[in-house]
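To start, the structure itself, in structure tokens.
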Amino acid sequence: FGIERGWRIPGLETHAWQANATRAPPVDASMQRLRAAAGALFDERADAPGFSLEDVASLAATLEGVVADEFQDFVAAARGLNRVRGPVPLALSQGQWVLTTAMLLFQNPGLSAVDFEKKKLVAPTIQKLAKSQLPIPNAWDTAKDALRNFRFEQRFRASPFRSDVFSTQELSAIGTSAVEEYGKFKHRECRLMKDELMTRDKYGTGLVPLAIFYAPWERRNAKVTHNFQFTETAEHLRAIGALDETSARHPQVRIVNYMLGPANCAPRTSTMTLCCLSECEPLMSEIESRVQAPTATAEQLSGIVGNLSSATVDAPRRLPSGLAQRLRDIAAKRGGQVPLHGRLFAEWLHFAFPHECPFPHAVEDAAVHRRDFWMGRQHAHNDTEQEEARARFAVPEEELHSGPTDHGARPWAEEEVLHMEVPGGWAEVVLRAAAQVGVIMGMCSVLLRAAWAARAGADGGKARGARAAVGPRAGACDPTRQGNSGGWAL
């Protein structure tokens, strides 16, 4: 969901590192339609070390169904707002109006269908979207592309004699697909924002001095139509892990952490929030596919990462010496193995890909990464506060960009956080195996001795029984006889 669609499910955030925790924060099982699935998977299995493929597939299918049901409600409301009575099929132009309206309801969760009706927002909004010249596709463009793509995919299955209309079921299916793809369209806006921030990152460290972060935006190209204003407070940036305060005098903003922060997300449905796509997840997926284990050696990971490319990093490359040494230090703490899903390796990836991977900031409450956490809390400056912040952090530019260019030489947070325990290094495994073998051999020795003693006792009993059956040999004295010379008399 996060890689392909930019969906963020509460409790399943990939970067929600919690201090003093050994597993990811649980999903809120009180969500209306996911209560049964989330409760069975998380709440009722709180002590489970992990989840099977069937468990994860079941949760994913449930989420897919919930989103499909919700968008079906959007389509029904959109038909009513456009005065479409009954389940009649719609032509392409009508379908585009209805689907655009449904997308508007999806994009504006704070406005209900009643609000759209009372304020008469549908017609003027769609007319404005249809005339837009912005380079980023809007809901009108998305609806048109989705309808035409659906009809193109159906060209070999649909009857050539049917009229070019769309049923209610088809509009719901098309709308659900459009919602799934909407994250990619939103990512274009996120990409423009990231490009703007990277122009303020003079040395490519993934950091922007706070003074420059608050600086007024300057139009560098007449064709550029976006205008980003960054007004988040230092307290908000610190809480979400987007503020690097290595230098107390010159704090800096971590670009990726800010991009993935709640300020750049928007609530879309009752079960998910739409955020910028994580560009680190595809890199992590590639590493996992090559390692195919929960841990790997530092040399193996250095070879893999050195051959991974991204939008800002070309491969192959030779990792800086300080960065390679950091990876070896992580492995040394775990018996020669680096846990792939630990906080320290995530931190190492942040320095290896400073413009793609977020810094894994450990927080006491993972809810700070959710947009609803900041509802009612001040997290942005007003105009006056923005000017005061600029003045407070304003210093000569040559003092702002400081610190070593080798990321391995930059200060590190040495705290490790593991969502679940992973096998240790080879030495620990060998010792544990040897101890287990010793215990098993000791138990086997005791059992063998007991069995040998039992067998010896059984053989002795059989011998005595055989002698008793034969009777006394010739010349032997029979103590039960009386008057027999040479015998005992009782």
Could you tell me whether segment 54-188 comes out rounded, prolate or oblate from its Cα gyration tensor? Rule is a ≥ b ≥ c as square roots of the eigenvalues, rounded for a/c under 1.5, then prolate if a/b exceeds b/c, otherwise oblate. rounded
With a 1.4 Å probe and every protein chain left in place, work out the accessible area per residue of segment 46-186 in Å², rounded to a whole number. 55 Å²
Starting from the 7 Å offset along Cα-to-Cβ, what nm value, one decimal, do you get for the label separation of Leu92 and Ser321? 6.4 nm
Run the simple label-point estimate for Glu181 and Thr231 please: 7 Å along Cα→C-beta, distance reported in nm. 3.4 nm
If each K or R counts +1 and each D or E counts -1, the residues other than Arg377 whose Cβ falls under 14 Å of its Cβ total -1
The FRET efficiency for Glu64 and Lys202, from their Cβ-Cβ distance with R0 = 41 Å and rounded to 0.05, is 0.40
Quick one: if you take sqrt(5λ) for each eigenvalue of the C-alpha gyration tensor of segment 60-106, what semi-axes come out, biggest first, whole angstrom? 22, 10, 10
What would the Debye equation give as log₁₀ I(q)/I(0) for segment 307-364 at q = 0.13, 0.15, 0.24, 0.31 Å⁻¹, counting only Cα atoms as equal point scatterers? -0.36, -0.48, -1.07, -1.28
Rounded to whole Å, give me the distance from the Cα center of segment 110-131 to that of segment 297-364. 48 Å
Pairs from Lys131/Lys202; Lys186/Lys333; Lys131/Lys186; Lys128/Lys202 whose Cα-Cα separation, in the structure shown, is over 29 Å: Lys131/Lys202; Lys186/Lys333; Lys128/Lys202
Rh by Kirkwood over Cα pairs, then Stokes-Einstein D for segment 226-350 at 0.890 mPa s and 25 °C, µm²/s: 146 µm²/s
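The values are calculated or read from the model by the stated rules, or taken from the named source; none is laboratory data. Because the structure is predicted, anything quoted here is derived from the model rather than measured. Here Cβ is always computed from backbone atoms with ideal geometry, including for glycine, and neighbour counts include all displayed protein chains. Each accessible area value is taken on the protein alone, full model and side chains, heavy atoms only, with ligands, DNA and RNA left out. Shrake-Rupley method; radii C 1.70, N 1.55, O 1.52, S 1.80 Å.
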